[in-house]
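First the structure, in the form of C-alpha cells, and then the observations on it.
The values are calculated or read from the model by the stated rules, or taken from the named source; none is laboratory data. None of the values given here were measured: they were computed from a predicted structure. Note that each Cβ is placed from the backbone with ideal geometry, even for glycine, and that neighbours are counted across all protein chains shown.
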Amino acid sequence: MIRFRPIGIVHSPFKTRDDIDPRRNRRPRGFADVRGEIEIDPAYAPGLKDIAGLSHLIIIFVFHKAGPGHLFARPPFERRRRGVFSTRSPRRPNPIGMTVVRLHGRRGNILKVSGIDMLEGTPVLDIKPYTSRDRKRGVQRGWMQRSVLNR
Ligand SMILES: C[S@@+](CC[C@H](N)C(=O)[O-])C[C@H]1O[C@@H](n2cnc3c(N)ncnc32)[C@H](O)[C@@H]1O
C-alpha cells in the first residue's frame, strides 16, 4: 500500500468537467493563458523557499473526479481507442496527472500560475522545477501526430 498526502489544492476557473471539455469549448491556443492558483497547505509552505526564481513548475496531482481507470481510452475527436499509457486520459489505473505551469508569483502559501488544465479543488501531490534539461530532442508523437488536440 502506497499512501500519499496532498500538499495543496488547485484553484482553477474550471469548476466542472463540462467547463474544460474540449468537445464543448475548443481551445486553439491550449491552456497556456489559463490563470489559477496552487494553494499549499501551510504545513508544507516552508518547502516553497527558493521557488521564486523558477519560471516553470511541474505540478503532479490526482484526477480526483475521474471515473474508474481503464487500459484503453478514446481521446476527444478520435475514433480509435488507444492504450491508456499512450494517452493523457484522466481515467488510468493510477489517476495521476502532471502539468507544467508558468509561475507568476508567490504570496505566502499561494502560487500564482498559468497553464492550468485541472479542475477546481484538484489535490496536488508534489511540485518540481521544470528546467531546460526537461526539453527533449527528437520528440515523436506517434498516433498524436494527426490529433487536433496535440499539435
Ligand atoms: C487530458 S488531461 C491532461 C492533464 C495533465 N496535463 C496531464 O497530462 O496529466 C486534462 C483533462 O483532465 C480532466 N481533469 C482535470 N482535472 C481533473 C480532476 N481533478 N479530476 C478528473 N478529471 C480532471 C479534464 O477533463 C481535462 O480536460
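Yes or no: segment 140-147 includes at least one residue that is surrounded by 16 or more Cβ atoms within 10 Å (Cβ to Cβ) and more than 15 Å from the chain's Cα centre (by Cα).
Checked against the condition, which is being surrounded by 16 or more Cβ atoms within 10 Å (Cβ to Cβ) and more than 15 Å from the chain's Cα centre (by Cα), segment 140-147 yields at least one hit.
Taking segment 10-22, which residues are more than 10 Å from the ligand (Cβ to nearest atom) and in a loop (DSSP other than H, G, I, E, B)?
Those that are more than 10 Å from the ligand (Cβ to nearest atom) and in a loop (DSSP other than H, G, I, E, B): Pro13, Lys15.
Within the set of pairs 6+ apart or on separate chains, which have a first residue in segment 55-84 that is more than 30 Å from Thr131 (Cβ to Cβ) and in contact (Cβ under 8 Å) with a residue 12 or more places away in the chain, a second that is of a type in the set (Gly, Ala, Ser) and more than 12 Å from the ligand (Cβ to nearest atom), and C-beta atoms under 9 Å apart?
Note: pairs meeting the criteria are Leu71/Gly83; Phe72/Gly83.
Only residues that are assigned to a loop (DSSP other than H, G, I, E, B) and loosely packed, with under 14 Cβ neighbours inside 10 Å: list them for segment 77-90, please.
Phe77, Arg79, Arg80, Arg81
Given the conditions (1) over 16 Å from Ile51 (Cβ atoms); (2) out of contact with any Phe, Trp or Tyr (no Cβ under 7 Å at 6 or more places or on another chain); (3) within 12 Å of the ligand (Cβ to nearest atom); (4) modelled with pLDDT of 95 or more, and given that Met144 satisfies all but one, which numbered condition is not satisfied?
(4)
Pull up segment 91-120, narrow it to residues that are of a type outside the set (A, V, I, L, M), in a loop (DSSP other than H, G, I, E, B) and surrounded by 14 or more Cβ atoms within 10 Å (Cβ to Cβ), then point me to the one that is nearest to the ligand (Cβ to nearest atom).
Asp117
Give the residue, chosen from Ala52, Ala66, that is surrounded by fewer than 13 Cβ atoms within 10 Å (Cβ to Cβ) and aliphatic (A, V, I, L, M).
Ala52
Of all residues in segment 23-51 being modelled with pLDDT under 95 and either under 11 Å from Met118 (Cα atoms) or small (Gly, Ala, Ser) (or both), which is nearest to the ligand (Cβ to nearest atom)?
Restricting to residues being modelled with pLDDT under 95 and either under 11 Å from Met118 (Cα atoms) or small (Gly, Ala, Ser) (or both), the top hit is Phe31.
Taking Gly69 and the conditions (1) within 15 Å of the ligand (Cβ to nearest atom); (2) over 14 Å from the mean Cα position of the chain (by Cα); (3) not in a loop (DSSP other than H, G, I, E, B), which numbered condition does it fall short on, given that it satisfies the others?
(3)
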